[in-house]
Amino acid sequence: MLWPFGSTWRPMRQKLRGTVDLRWLTARSWTTKWYPQGIDLGIWEGRRTLAVSWFRQDRMRQHLASRIAFVDLERSRHLDVALAIEDADGELLPAQIHAGGLAWFGDRLFVAATGQGIWEFDLSDLRRVRGPLARRLAGARGRGRRAGALVAVRSRVHPVPLRCSYLGRVFDDAGEPLRRVLIGEYRGDENGRIGEFSIPEDPDGRFDRLDQFSPGIPSMQGAVRWGDRYLVSQSDGMRAGVLWSGGRDSLKRDSVALPVGCEDLALDLEARLLWSLGEHPWRRVVRGIPFSRLGFDA
């Protein structure tokens, strides 16, 4: 399958064993330069597609670049799009953010930029770049050659009065998506906050806070809401991730384990799956957990 500008999709491996597991078939399965973080679901040219964010770091753990891998769920293939910003002279620079969470609304992709609010990228205006610029936006160094890269350019920065470690979608009781997101803070202690914000329809509008609470869960990595039910992911080092589920003030540990090194969460109401992913090298997986295992179909 081809994407804009004739770019080809790269394959992933899919296994069905109670969950839908997608695994990378390239060096990204084990690299320590790039780490997957955020996840959300959207439609691209009529096809159901997962968006998975990655950030690149150097040996000093400094952020160099970020990208989105768009995964065609029907064919289990993916395509990378680099994230970029424009400077005052119109030059493209790599988006040096953690990209800890995603919320995808049509052509508007919102990315959690830890400590820097929410960054918005325009998917209706992807650009093709080549040569040294492609290498720079991809966070690569040295003189190696790179044929080219697709780039999504930041269109707006939305200040938010939270650390913005992750970002998740909100649905009503009937499963209809709302123009709202959950924005949360990763902290090693129990003081991390989750806020619910409305998405501005006007690009110049602001994220308005509608609610905020502290569930008392350390190391929160993602959160989504369906009606009155919240789902929160919690990482636990090299052990399986923990899923918390329930009402705003009554979250309980679920018996279903998340991937090792779990990160963000995304609800897939059409396929009736909860998506998450693991970030650790050699253990990286994009996993869809059936709602029936979570008690959603009871």
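The values are calculated or read from the model by the stated rules, or taken from the named source; none is laboratory data. Keep in mind that what you see is a predicted model, and the values were worked out from it rather than measured. FYI the Cβ positions are ideal-geometry reconstructions off the backbone, even for glycines, and counts take in every protein chain you see.
Quick check: anything in region 15-29 among the β-branched types (Val, Ile, Thr), surrounded by 14 or more Cβ atoms within 10 Å (Cβ to Cβ) and within 15 Å of the chain's Cα centre (by Cα)? No, the conditions are met nowhere in region 15-29. Test Leu277 against the criterion of being among the aliphatic types (A, V, I, L, M), more than 16 Å from Glu190 (Cα to Cα), touching a Ser or Thr at 6+ places or on another chain (Cβ under 6 Å) and surrounded by 18 or more Cβ atoms within 10 Å (Cβ to Cβ), and give yes or no. Here the answer is no, as Leu277 does not meet what is asked. Test of understanding: among Gln221, Gln212, which residue is assigned to a strand (DSSP E or B) and surrounded by fewer than 19 Cβ atoms within 10 Å (Cβ to Cβ)? Answer to the check: Gln212. One residue stands out in region 103-146 among those that are β-branched (Val, Ile, Thr) and modelled with pLDDT under 95: the one that is farthest from Arg56 (Cα to Cα), namely Val129. Could you tell me whether Ser245 is over 17 Å from Thr19 (Cα atoms) and touching a helix residue (DSSP H, G or I) at 6+ places or on another chain (Cβ under 8 Å)? When the stated conditions are applied, Ser245 passes them. Scanning region 52-96 for residues that are in a strand (DSSP E or B), polar (S, T, N, Q) and more than 27 Å from Arg272 (Cα to Cα) yields Gln57, Ser66. Just wondering, is there one or more residues in region 236-258 that are among the acidic types (Asp, Glu) and within 17 Å of Ile289 (Cα to Cα)? Yes, because at least one residue in region 236-258 is among the acidic types (Asp, Glu) and within 17 Å of Ile289 (Cα to Cα). Listed conditions (1) among the aliphatic types (A, V, I, L, M); (2) surrounded by fewer than 24 Cβ atoms within 10 Å (Cβ to Cβ); (3) out of contact with any Gly (no Cβ under 6 Å at 6 or more places or on another chain) are all met by Val232, apart from (2). Listed by position, the strands (runs of 3 or more DSSP E) inside region 226-265 whose residues that are touching a residue at least 12 places away in the same chain (Cβ under 8 Å) and polar (S, T, N, Q) number at least 1 are 229-236, 239-246.
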